[in-house]
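Asks: A single structure is presented below for examination.
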Amino acid sequence: GTDEHTIFEILVGTSRQQLDAIKFEYEQTYKKPLRADLEGDLSGDVRKLAVALVDGREPEGPVNREAAQADAERLYKAGEGRLGTDEAAVIEVFSRRSYSHLHETFRVYESLHKHHTMQQAVDSEFSGLLQSVLSKMVTYVNSPGEYHADRINSAVKGAGTNDTKLIRVLVGQYQNLGVIKDAYLAKYKKPLLDAVRDDVSGDYQEALLALIGA
């Protein structure tokens, strides 16, 4: 089977440089483009979103406020402003626009349509895996630190540890650990260092704690 949650966990919040490196290494290892495998393994709107994310976003740069306002209106007319949902329009905006552009788009959306945040709009208009992924994208756009803190928490909560996910976040986001530690403490009321210390042991624990730092 296909682990869609892991696929999107990696694709959401990945920079263009990281994505290019992932696509290169994937093709070198499996002798097939990542895009082609996603097209073959996924279906429907989930496939459209995954392929669009792999194709890459517009580069980060100064935000055009008029363009952000236009996208805010487009998102409203594709969801809350109509009967039914225009999934293709939402997927295009969420997957193609730069993160800085999306941040401004969401801010404008919430100022124009005060009855709903973008998070609430996604939750009311979508369901299943697509809703879950779009919701996580909203979290990342609004607070990258919180997005990665949530990933770590999901790896250590409950019985056992998802070691692969924990290592993937801590190593992949090493340069951003300061922001992630602040977000983890703010949301989960526990230092990240303590959360990891309580969940793993031995040399593995020592290595992760050294990575996280004091």
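Throughout, read-outs are computed from the coordinates displayed, never taken from laboratory work. Computed from a predicted structure; not experimentally measured. Every residue, glycine among them, receives a Cβ derived from its backbone with ideal geometry; neighbour counts consider all protein chains shown.
Asks: Put a dot 7 Å past each Cα toward the Cβ at S132 and A21; how far apart are the dots in nm?
Replies: 2.7 nm
Asks: Still on this structure, please answer the following. Using a Debye calculation, one point per C-alpha and no hydration shell, please list log10 I(q)/I(0) for the stretch 79-209 at q = 0.10, 0.15, 0.16 Å⁻¹ in order.
Replies: Normalising to I(0) and taking log10 leaves -0.41, -0.80, -0.87.
Asks: Pairing the Cα long axis of helix 44-55 with the longest principal axis of the chain, what angle in degrees results, from 0 to 90 and rounded to the nearest 10?
Replies: For 44-55 against the chain, the angle is about 70 degrees.
Asks: Of the listed pairs K23/K77; K31/K136; K48/K187; K114/K189; K165/K190; K23/K181, which have alpha-carbon separations greater than 22 Å here? Walk me through the intermediate numbers first.
Replies: Working: K23/K77 34 Å; K31/K136 30 Å; K48/K187 32 Å; K114/K189 29 Å; K165/K190 19 Å; K23/K181 29 Å.
The answer is K23/K77; K31/K136; K48/K187; K114/K189; K23/K181.
Asks: I would also like to ask the following. Calculate the translational D of the stretch 49-116 in whole µm² s⁻¹ from Stokes-Einstein, where the hydrodynamic radius comes from the Kirkwood formula applied to all Cα pairs, the temperature is 20 °C and the viscosity 1.002 mPa s.
Replies: Values: Rh = 12.3 Å.
Translational D for this selection: 175 µm²/s.
Asks: Of A159, A50, A195, which is the most mobile in a GNM of the chain whose springs link Cα atoms less than 10 angstrom apart?
Replies: A159
Asks: Using just the helices of the chain, give the 222 nm mean residue ellipticity in deg cm²/dmol: DSSP H runs with n ≥ 4 each add -39,500 (n - 2.57), and the total is spread over all residues, rounded to 500. Could the numbers behind the result be given before it?
Replies: Working: 14 runs with 156 residues, N = 214.
Taken over the chain, the calculation gives -22000 deg cm²/dmol.
Asks: Work from the charge dipole of the chain (Cβ charges, +1 for Lys and Arg, -1 for Asp and Glu, about the Cα centre) and give the residue of N162, Q175, I152 farthest towards its positive end.
Replies: Q175
Asks: Between the helical axis of 177-188 and the dominant principal axis of the chain, each derived from Cα atoms, what acute angle in degrees is found, rounded to the nearest 10?
Replies: 80 degrees
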